[in-house]
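S.K.: My questions all concern the structure below.
Taken together, the values in this text are just the output of simple stated rules run on the coordinates, not laboratory data. What you see is a predicted model, and the numbers here were worked out from it, not measured in a lab. All Cβ positions, glycine included, derive from the backbone under ideal geometry; neighbour counts span all protein chains shown.
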Amino acid sequence: MSDTRVVGAVEIGTTKVVVLLGEIVGDEGLNIIGHSICSSKGIKKGVINDLNAASDCVHATIMQAEENAKSRIDEVYLAQTGSHLEGNFNVGTTNVSSSDNIVREIDIEQAKQDAKRRKLPQKRTFIHHIQNPFALDGQPVDSPLSHEARQLQVGYWSVHGDSSKVSDSLRVIRGIDLDVSDMIISSIASGVVLLEDSEKESGALVVDLGGGTTDYVLYQNGYIVKTGVVPVGGDHITNDLSIGLRVRRKSAEEFKVKNGRAYYQSSDREEKVWLIGDLTIGDREYPLAAITKIIEARVSEIFTIIKEQLQEAALYVPADIACGVVLTGGSSQLAGIDECARRTFGLDARVSEGPLDVAPELRGPGYSTALGLLHYALTGQEDRQRSTKPTGILRRLTGLLSLE
Amino acid sequence: MIGSNKGKGSSSATGTQSWRELAGPSKRRVNSPQAKKRRQAKLLKLLAGVVMLVGLVGLVIWASSTIKNRAEPIQIHTPSSEIEQVIFETNGVLPNRWLSTVIKLSKGTTMMEVDIHGMKQRLESEPQVVSASVERVFPSALKISLEEQQPVLRIAVQGPAGKAVQRIVARDGTIYKGVGYPKTALAALPYLQPYQRRDGSIQPMRGIEKVAELLESARTKQPNFFRTWKVVSLEHYSGDDSLAGEVIEVRSSLVPRIIFSTSTDFAKQLDRLNVIRQHVRAKGNPAMKRIDLSLRGSAAVQFSSGRISSF
């Protein structure tokens with residue numbers, strides 16, 4: 001009889017909380033058995049600022065998803081975002097230990113340990129150590145095992161965050177008696193389901209436009225070479241419209257969804273749009289040009305920040321990002337956003353259609369992070385040390401008695 | 001279904017300063033009405049389980065006491081005739097003479113006087129014995145059955161007088177003297193160079209089961225070549241299969257170093273070794289220094305000339 005476990009993918013975003021429930025049968029595959037989505041409370045720019053309010057909405061979403069799936073979550077995979085996330089590139093070096101200069105596992109482990117040795121300041125905590133290619137005497141190789149060389153090097157892109165903010169997310173999940181099996185940053189989770197292996201090899205930039213933040217991940221030669229979070233998202237566009245057009249935030253949001261476009265065209269000058277559209281009191285006309293100019297300014301600002309960060313890291317090489325920019329996240333549904341990305345980055349750009357092997361209602365850009373978390377629940381992260389948990393009847397018993 | 005492919009992915013942070021250190025139960029959890037509801041449901045489920053369990057236990061106690069009350073005492077007459085015969089069965093080589101020195105059965109001992117549990121313990125305390133069973137076969141015989149250790153390797157250890165003595169290594173890593181084995185059988189066993197821990201100790205010896213698997217496969221698949229295997233070195237094999245890069249090294253009279261991976265099927269590695277040997281033979285049999293079969297999907301051969309070929 002094969003072992004079945006139910007995993008919950010939880011994304012606590014600025015505007016919404018998404019929970020997907022997946023049933024993993026053995027290690028063969030994953031079926032999505034339930035999902036739930038709720039408006040966020042107590043979260044600003046991807047960071048929890050009111051623990052009780054955030055717990056209320058996250059717990060309600062989890063329970064709704066469990067009810068929807070008629071099943072209980074065994075373990076949680078949690079997405080992490082927020083401008084507190086930072087990354088740096090560390091290189092580990094070791095001299096090959098054997099006298100015949102043949103690289104062994106022990107040398108590889110030593111180089112990896114050396115790369116991960118860097119200490120963080122207090123109150124910072126590592127979330128990922130993402131391995132980049134090895135180099136033998138300066139020459140890059142995928143697998144150095146049994147090659148002959150004097151020196152072995154390996155690079156790691158290490159992502160770290162503010163300990164108290166990471167701890168807050170964990171406390172929210174622990175509040176409903178669930179343990180977090182793994183934590184994955186949003187951009188990596190989105191990237192893993194939206195890109196084919198060949199696209200990662202050719203190079204691609206995945207930009208996840210959320211409500212309060214924009215996360216990105218850059219793949220080159222199949223490796224994650226940079227991740228980042230820009231503390232600007234769809235909510236800022238709504239705010240800009242609200243201030244620029246002098247309307248309430250709610251109306252600005254409706255206006256953005258209904259009439260918004262992420263780039264300005266000269267023909268917009270003649271066109272006018274109605275605020276509400278039913279000619280009731282308060283309804284009035286606005287030039288479309290005013291709206292598109294406001295949106296374009298903000299969206300291109302987000303893309304420009306990302307481009308500058310890539311240029312700063314000497315990673316903005318269009319030839320190494322051959323598959324261009326893939327846009328996802330709730331705000332990627334804004335009309336013309338791909339054109340704006342194309343103009344700003346000078347790269348090919350497209351809005352992701354989501355993975356084709358899931359139900360049509362889950363293919364929307366708002367689910368890509370949660371789907372990525374489920375992907376990791378099934379395949380695991382490389383180098384990850386799996387915790388050994390009891391299985392079958394024993395697991396059910398320990399779960400019932402809260403012994404896990 | 002999603003997640004069918006696994007590429008060069010990310011790697012979750014572990015060890016010091018990783019988020020996993022924050023995941024411990026030290027901090028107070030945040031409560032919410034939903035969490036309380038969920039906890040109450042869990043508690044109710046637990047209570048129902050306990051009630052069912054208590055009911056079941058009560059039922060079993062009631063049933064057993066009912067049966068006990070109905071049972072009648074049985075009179076047992078114990079025969080106490082003298083032991084006339086000892087039936088000795090073993091799956092190994094231990095001789096009768098050895099048995100008599102261990103059980104020390106004096107003449108005239110009756111069937112009920114003999115302490116079969118003590119005898120079993122004495123037999124099982126011998127390193128060459130895995131398990132023993134001692135039965136009274138009425139009216140006058142004692143049946144002793146032994147399961148013996150299977151010899152896998154030889155090892156040279158320092159004897160009491162400081163002189164090197166030969167000992168046998170069993171599948172479970174037990175080192176024993178080896179009583180009753182024919183000399184030719186012992187001579188066919190390769191010597192073991194054990195894994196040495198940081199403190200210099202070699203015991204308890206782990207991973208011999210894996211070595212036995214390798215030797216059995218080699219003995220079956222390549223009997224002639226196996227005869228040239230002189231030493232099995234566990235210098236790079238601690239016996240912990242969860243560690244990466246663990247290898248078993250064999251020193252043969254034909255090839256000084258043959259390296260086997262412990263995480264790959266030995267049969268496949270031996271097949272590859274056979275192909276390499278045939279190929280080398282066809283190329284005029286140049287002397288080899290090292291064959292490394294532990295690589296993923298390939299093997300490397302280093303010739304005495306210094307040239308390295310990959311297969």
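S.K.: Pop a pseudo-label 7 angstrom from the Cα along the beta-carbon direction at both B:A164 and B:M52 and give the gap in nm to one decimal.
M.R.: 6.5
S.K.: With a 10 Å radius around each residue's Cβ, average the other Cβ atoms per peptide and rank A:287-294, A:90-97, highest first.
M.R.: For the peptides A:287-294, A:90-97, the packing ranking is A:287-294, A:90-97.
S.K.: Excluding A:D50 itself, what net charge comes from residues whose Cβ is under 15 Å from its Cβ, given Lys and Arg +1 and Asp and Glu -1?
M.R.: +3
S.K.: Work out which helices of chain B, taken as complete DSSP H runs, extend at least 15 Å along their axis over the Cα atoms and score a mean Kyte-Doolittle of -0.5 or more, then list them.
M.R.: Span-like helices here: B:33-70, B:208-221, B:266-282.
S.K.: Which is farthest toward the positive dipole end of the stretch B:151-310 among B:F266, B:H279, B:L153, measuring Cα position about the Cα centre, with Cβ charges +1 (Lys, Arg) and -1 (Asp, Glu)?
M.R.: Going by the Cα projections, it comes out as B:H279.
S.K.: Provide the FRET efficiency to the nearest 0.05 for the B:K143-A:I106 pair, computing r from the beta carbons and using R0 = 60 Å.
M.R.: 0.70
S.K.: In the structure shown, do any of A:K16/A:K272; A:K41/B:K37; A:K41/A:K119 have a Cα-Cα gap over 24 Å, and if so which?
M.R.: On the way: A:K16/A:K272 32 Å; A:K41/B:K37 20 Å; A:K41/A:K119 34 Å.
Listed pairs above 24 Å: A:K16/A:K272; A:K41/A:K119.
S.K.: Per DSSP H run of at least 4 residues, take -39500 (n - 2.57); add these up for chain B, divide by its residues and hand me the 222 nm value, nearest 500 deg cm²/dmol. Walk me through the numbers before you get to the answer.
M.R.: On the way: 7 runs with 95 residues, N = 311.
That calculation yields -10000 deg cm²/dmol at 222 nm.
S.K.: Just A:V141, A:V247, A:V225 to compare: in a GNM of chain A, with alpha carbon springs under 10 Å, which one fluctuates most?
M.R.: Evaluated over chain A, the most mobile residue of the options is A:V141.
S.K.: To continue, here is another question. Order by neighbour count: A:D357, A:D268, B:D292, fewest other Cβ atoms within 10 Å first, most last. Walk me through the numbers on the way to the answer.
M.R.: Details: A:D357 12, A:D268 18, B:D292 21.
Placing the least packed residue first, the sequence is A:D357, A:D268, B:D292.
S.K.: Also, quick follow-up: Mind pulling up the Rg/Rh value for the protein assembly as shown? Radius of gyration and Kirkwood radius, both on Cα.
M.R.: 1.11
S.K.: Let me ask something additional. For helix A:368-379, what angle does its Cα long axis make with the longest principal axis of chain A, in degrees from 0 to 90 and rounded to 10?
M.R.: That helix lies at roughly 20 degrees to the long axis.
S.K.: Taking springs between alpha-carbon atoms closer than 10 angstrom, which of B:L293, B:L44, B:L123 fluctuates most in the Gaussian network model of chain B?
M.R.: B:L44
S.K.: Can you pull the mean other chain C-beta count within 10 Å for peptide A:122-133?
M.R.: Numbers: counts 1, 0, 1, 8, 10, 6, 7, 7, 6, 4, 1, 1.
Neighbouring Cβ atoms belonging to other protein chains average 4 per residue here.
S.K.: Separate question: Using a 10 angstrom cutoff on alpha carbons, build the Gaussian network for chain B and name the most mobile of B:V50, B:V211, B:V157.
M.R.: Between B:V50, B:V211, B:V157, it is B:V50 that shows the largest mean-square fluctuation.
S.K.: Show which lysines lie in cross-link reach of B:K268 when reach means a straight Cα distance below 26 angstrom and same-chain residues fewer than eight apart are skipped.
M.R.: B:K6, B:K210, B:K221, B:K230, B:K283, B:K289
S.K.: Here's something else I'd like to know. Only four residue types carry charge here, +1 at the Cβ of Lys and Arg and -1 at the Cβ of Asp and Glu. Report the dipole size of the protein assembly as shown about the Cα centre in Debye, rounded to the nearest 20.
M.R.: In total the dipole reaches around 1780 debye.
S.K.: Please get the size of the charge dipole for chain B, origin at its Cα centre, with Cβ charges of +1 on Lys and Arg and -1 on Asp and Glu, quoted in debye to the nearest 20.
M.R.: That gives chain B a dipole magnitude of about 1800 debye.
S.K.: Please report the antiparallel percentage of DSSP beta bridges with both residues in the stretch B:204-311, rounded to the nearest 5.
M.R.: Around 85 percent of the beta bridges assigned by DSSP in the stretch B:204-311 are antiparallel ones.
S.K.: Can you give the angle from 0 to 90° between the axis of helix A:51-69 and the longest principal axis of chain A, with both taken from C-alpha atoms, to the nearest 10?
M.R.: 80
S.K.: Next question, about the same structure. Taking a threshold of 22 Å on the Cα-Cα distance, which of the pairs B:K120/B:K143; A:K45/B:K36; A:K123/A:K307; A:K44/A:K200; B:K120/B:K183; B:K104/B:K163 fall above it?
M.R.: Table pairs above 22 Å Cα-Cα are A:K45/B:K36; A:K123/A:K307; A:K44/A:K200; B:K120/B:K183; B:K104/B:K163.
S.K.: Out of all DSSP beta bridges in the protein assembly as shown, what portion is antiparallel? Express it as a percent rounded to 5.
M.R.: On the way: 95 of 126 bridges.
Roughly 75 percent of the beta bridges in the protein assembly as shown run antiparallel, per DSSP.
S.K.: Among A:S242, A:V193, A:S71, whose Cα projects farthest towards the positive end of the dipole of chain A, with charges put on the beta-carbon of Lys, Arg (+1) and Asp, Glu (-1)?
M.R.: A:S242
S.K.: Also, I was wondering about something else. Based on the Kirkwood radius over alpha-carbon pairs, what value in µm²/s does the Stokes-Einstein equation return for the translational diffusion coefficient of the stretch B:85-148 at 4 °C and 1.567 mPa s?
M.R.: 109
S.K.: Then there's this: So, R0 is 22 Å and r is the distance between the beta-carbons of A:E67 and B:R39; what FRET efficiency does that work out to, to 0.05?
M.R.: With R0 = 22 Å, the Cβ-Cβ based efficiency is 0.85.
S.K.: Which of the peptides B:220-226, A:305-311 is most tightly packed, and how do the rest follow, going by the mean number of other Cβ atoms within 10 Å of each residue?
M.R.: Sorting B:220-226, A:305-311 by mean packing, highest first, produces A:305-311, B:220-226.
S.K.: Helix-only mean residue ellipticity at 222 nm, chain A, DSSP H runs n ≥ 4 weighted -39,500 (n - 2.57), per residue, nearest 500. What is it?
M.R.: Numbers: 11 runs with 135 residues, N = 404.
Mean residue ellipticity, 222 nm, calculated: -10500 deg cm²/dmol.
S.K.: What does the charge count near B:R154 come to, summing +1 for each Lys or Arg and -1 for each Asp or Glu among other residues with Cβ under 13 Å from its Cβ?
M.R.: +4
S.K.: Averaged across the residues of B:32-42, what count of C-beta atoms belonging to other chains lies within 10 Å of each residue's C-beta? Before the final figure, lay out each step's value.
M.R.: Details: counts 14, 4, 12, 13, 3, 3, 9, 3, 0, 2, 6.
Rounded to a whole number, the mean comes out at 6.
S.K.: Something else now. Against the longest principal axis of chain A, how steep is helix A:163-174, in degrees 0 to 90 to the nearest 10, with axes from Cα atoms?
M.R.: Relative to chain A, helix A:163-174 is tipped by roughly 90 degrees.
S.K.: Could you work out the mean count of beta carbons from other protein chains within 10 Å of each residue's beta carbon in A:168-177? Kindly include the intermediate steps, with their values, before the conclusion.
M.R.: Working: counts 3, 2, 7, 6, 4, 3, 8, 9, 10, 5.
Mean number of neighbouring Cβ atoms from other chains: 6.
S.K.: Between beta-carbons, use under 13 Å as the cut-off and find the net charge around B:R197, counting Lys and Arg +1, Asp and Glu -1. If you can, show how the numbers build up before the last one.
M.R.: Numbers: positive: B:R198, B:R206; negative: B:D199, B:E235, B:D240.
Overall, the nearby charge balance is -1.
S.K.: Which number comes out as Rg/Rh for the stretch B:151-310 once both Rg and the Kirkwood Rh are worked out on C-alpha atoms?
M.R.: Ratio of gyration radius to Kirkwood radius: 0.98.
S.K.: Give the calculated FRET efficiency between B:I202 and B:S125 to the nearest 0.05, with a Förster radius of 22 Å applied to their Cβ-Cβ distance. Before the final figure, lay out the partial values.
M.R.: On the way: r = 22 Å, r/R0 = 0.99.
So the FRET efficiency works out to roughly 0.50.
S.K.: Sticking with this structure for a sec: Using per-residue counts of other Cβ atoms within 10 Å, averaged over each peptide, order B:212-219, A:180-187, A:332-339, B:177-184 from highest down.
M.R.: The densest-packed peptide leads the list: A:180-187, A:332-339, B:212-219, B:177-184.
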